[in-house]
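No lab work stands behind these numbers, since they all come straight from the coordinates. Remember, predicted model here, so these are calculated numbers, not experimental data. All Cβ positions, glycine included, derive from the backbone under ideal geometry; neighbour counts span all protein chains shown.
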Amino acid sequence: MADAKEILQLGIEAARDGNREEARNLFALLTKQDPQNIQAWLWLAGVSDNASQRRNALERALQIDPQNEMALRGLRALSSSTRTGGTERNRSFIAAARERTGALFGRQTPQSPAKPARPNREVSEIPLAAEDELTDALETFDEEYSDEPRGPSPLMWGVLGAIALLLIVFLATQFLGGENSIGNFVATSTGLSDKSVSDATAVAATLESIAATASPQLTMTSTVPNTPTPLPEKLLNIAETLTSNGLTYGIREPLVAGDRTEKLSDVPAAGRYFVVVVLVSNNSGGDKTIPADFFVLKDDQGRSYTVNIERSNKLVDIGGGRGVVTDIAAGDALPSDSTPRSMALIFDVKADATNLRLYGSGNPTQGWQIAPSVQ
Amino acid sequence: MATNAECQALLRTANRLFRFEDHHRARALLEIMSDVYPDEPQVWAALATMARDDAEMTQFLARASHINHLSTIPA
């Protein structure tokens, strides 16, 4: 299947780029779609992150082709790893792979000068543009694969260090100066002697100095304007619902930003049409039509978008009527029967909008994250 | 939202491909995903964004909506 080969190639590229998790997901997808896809099983073995996964993948490859040499060698290497350790095991697997690669491209590898190159159907079907791609992927595997738990990477150490520094700065700014000084805090909370308090005060002074150097704007001062802080916005999980004005509403899936939606109206979108399907139930005791400004989409640029009722209705119309694409159109009256009904909301969103969140009336500080952008 | 973490990760991959204008492979990935995860409405919704025409978009949206329709809002 052409699509499968493209996705296999995508996985190979991910492995080559060092993105092993993405590669694993792609190869695993292919094995689920077609359990007879031996290339996918072999590559899945190549990017697996533990011996068990790798053994399983190689065994599945052997079930498809009991003579598959790469799978056989991989399994032999795995078996020997219990005696020789992971590094040698990996090298054996890589050596086997390189031999196969050499066979594929009609030449011998230094690791196996006496090994005759013979055609291998399975490997030759791997849609590689060049030998290097496979070799690179396997070398990445060779360098990164390990059964032993890995310690933090240098990057992780850097992040931890930065967090520690920020923590020091935070503590310093919280407790320095006046009644909140570390010295007073220590004295009142521990009852230490004057000498100890004096030492603590000295430490506080040092911390204050560090804080002032690292981030002067974070030092505690009495000149901070007393402006009201906006309520923090809470992002809801996809399964959470909200209630207001007798309506219970939620989203099941954030849908769709796409070029095709621009055909929903003769009037071109100012930005891009963006569709969100919501589920709404009416518990108010009377039929209700949801106002156009009940749902609002907001972006990080500070803009708010209300539902375009006309285009929402048009989506239902071109989709074959109510109950096909969605249960009801945005302008329909919602019966008060507590039954959740799906409704497509269409917003005309600026093309540069980012971090789109959906909010409902009566709950201005709680919403759902819909999409990072409309692109 | 898709409950399967692997499916979610693959959706992110498809989204990345789409953002980088690799529409062909994004669609190829989503088509295979629709085989493997036919009950994940996000897959159909994502396919709708890459529909070749209105009829196809409607079909994909209907599939996503149908799956959503089977769910109910928790009390």
### Query
Taking 0.36 nm per intervening residue step and subtracting the Cα-Cα distance, what contour gain separates A:Asp352 from A:Val159 on full extension?
66.4 nm
### Point-to-point label distance, A:Leu167-A:Asn283, nm (Cα→Cβ direction, 7 Å offset)
4.3 nm
## Note on the structure
Note: A:Gln63 to A:Asn50 extended length (0.36 nm per residue) minus current alpha-carbon separation gives 2.7 nm
### Query
If you bin every alpha carbon distance in segment B:5-70 into 10 Å steps from zero, what whole percent lands in each bin?
24, 55, 20, 1
### Task
Any chance you could tell me what percent of the C-alpha pair distances in segment A:289-375 go past 17 Å?
52 percent
